[in-house]
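The values are calculated or read from the model by the stated rules, or taken from the named source; none is laboratory data. Given the structure is predicted, the values throughout are model-derived calculations rather than measurements. Cβ atoms come from the backbone with ideal geometry, glycine included; neighbour counts cover every protein chain shown.
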Amino acid sequence: MKAVSAISGLVGFLLSASIGLAQTYPDRPLRLVVPQPAGGGYDLVGRVAADKLSQLLGQSVVVENKTGAGTRAGTDFVAKAPADGYTLLVGASPNIVFNPALYKDLPHNTQKDFTPVGLFVAFTYTLVTRNDLPQKTLKDLVAFARTNPDKITYASGGLGTGQHIAMAVLSHLAGIKTVHVPYRGAQAAYQDVIAGRVDLFFDNVTTARPLVDGGQVRAIATSASKRVPVHPEVPTVKETGVADFTLETWFGIFVHSGTPKPIVDRLRVEMAKVAAMPDVIERFAKMGATPINPSVADTEKLVNDDIILWKKLLIDAGVEG
């Protein structure tokens, strides 16, 4: 009886401590780690989320761009940070889904080390070229590449990014060999594409659009399942007939999997509010992105299903980090 009483007392103590933790959290500023440099999709998503969460949580949410090794350095930083809910991660298909398939020596396990708080936007990709590239369509480009292997170069914001994966998988499906030129972020990649030193860049539609509209690069295809409203004149890859290929990258907020459940629950409630905000929805829709707000169960299923799906696709394509 004494043992039962002691266990009951311990359970009661832990429950009251958990409730107290939820009531006091957060009592200091949070940091939101963006595992890519400023100027790209990760950074954009992170700054929107930080601004809105700051308002809802009543504490500052400071964006920290922790770059290096593609998206691995910043992601691993959060995996090794205290599991107290004060260090958040911008998680997306590249660092959560693609990296486990790309790197055998990944220092963290995305399924075991991270818990999704919420997803709130998905981006398709726009394949852009340098303006003086002789091939004006994707079909012409593929035809050239098939008879001139390794003559076409493509940029990315780093190994394992969506930009890398999009072009690597498309190249495999189209039966061509292209040369990957990784950079530290989208801005650095664009400098060389605009200057004509690299041929292609399969970037997310949001950051590609202003450069396409400004005439600095030329769009020849998108990875969407149907034409993107902000690029109505640009065909999808599937439309061109070169490959049966679509890709949309989701973005959201993740925390260390050891974070106490009351804190995770609080963050999930607030992130769902962010995803439902009319100004957030309108802002991303105008950029050509797709606002999303899946349930917790649907989010967990999507993440796990994508990890399985893309592991197979990347192995079949022979893509490694």
Picked from the range 70-81 (must be touching a Ser or Thr at 6+ places or on another chain (Cβ under 9 Å) and in a loop (DSSP other than H, G, I, E, B)), the residue surrounded by the most Cβ atoms within 10 Å (Cβ to Cβ) is 71
Any residue in the range 272-290 that is surrounded by fewer than 16 Cβ atoms within 10 Å (Cβ to Cβ) and in contact with a Gly (Cβ under 9 Å, 6 or more places away or on another chain)?
no
So, of the residues in the range 126-152 that are touching a helix residue (DSSP H, G or I) at 6+ places or on another chain (Cβ under 6 Å), in contact (Cβ under 8 Å) with a residue 60 or more places away in the chain and of a type in the set (A, V, I, L, M, F, W, C), which turns out to be surrounded by the most Cβ atoms within 10 Å (Cβ to Cβ)?
128
Selection within the range 184-202 - under 20 Å from residue 150 (Cα atoms), under 23 Å from the mean Cα position of the chain (by Cα) and in contact (Cβ under 8 Å) with a residue 60 or more places away in the chain:
193, 200, 201, 202
Go through the residues of the range 176-197 one by one and say whether even a single one is at pLDDT below 95, under 20 Å from residue 138 (Cα atoms), of a type outside the set (A, V, I, L, M) and buried (at least 21 other Cβ atoms within 10 Å of the Cβ).
no
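Per-residue answers, yes or no, for (1) surrounded by 18 or more Cβ atoms within 10 Å (Cβ to Cβ); (2) under 19 Å from residue 251 (Cβ atoms); (3) not β-branched (Val, Ile, Thr):
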position: 57; (1), (2), (3): no, no, yes
position: 62; (1), (2), (3): no, yes, no
position: 68; (1), (2), (3): no, no, yes
position: 99; (1), (2), (3): yes, yes, yes
Run down 264, 230 and say which single residue is assigned by TED's automatic domain parsing to the domain that holds residue 40 and either more than 22 Å from residue 209 (Cβ to Cβ) or touching a residue at least 40 places away in the same chain (Cβ under 8 Å) (or both).
264
Residues of the range 100-140 being charged (D, E, K, R) and touching a Pro at 6+ places or on another chain (Cβ under 7 Å), which ones?
none
Per-region count, the range 312-321, residues surrounded by 12 or more Cβ atoms within 10 Å (Cβ to Cβ) and either within 16 Å of the chain's Cα centre (by Cα) or assigned to a loop (DSSP other than H, G, I, E, B) (or both):
3
Strands (runs of 3 or more DSSP E) completely within the range 91-209 that count 2 or more residues being in contact with a Lys or Arg (Cβ under 6 Å, 6 or more places away or on another chain)
114-129
Out of 181, 169, report the one residue that is within 12 Å of residue 200 (Cα to Cα) and not charged (D, E, K, R).
181
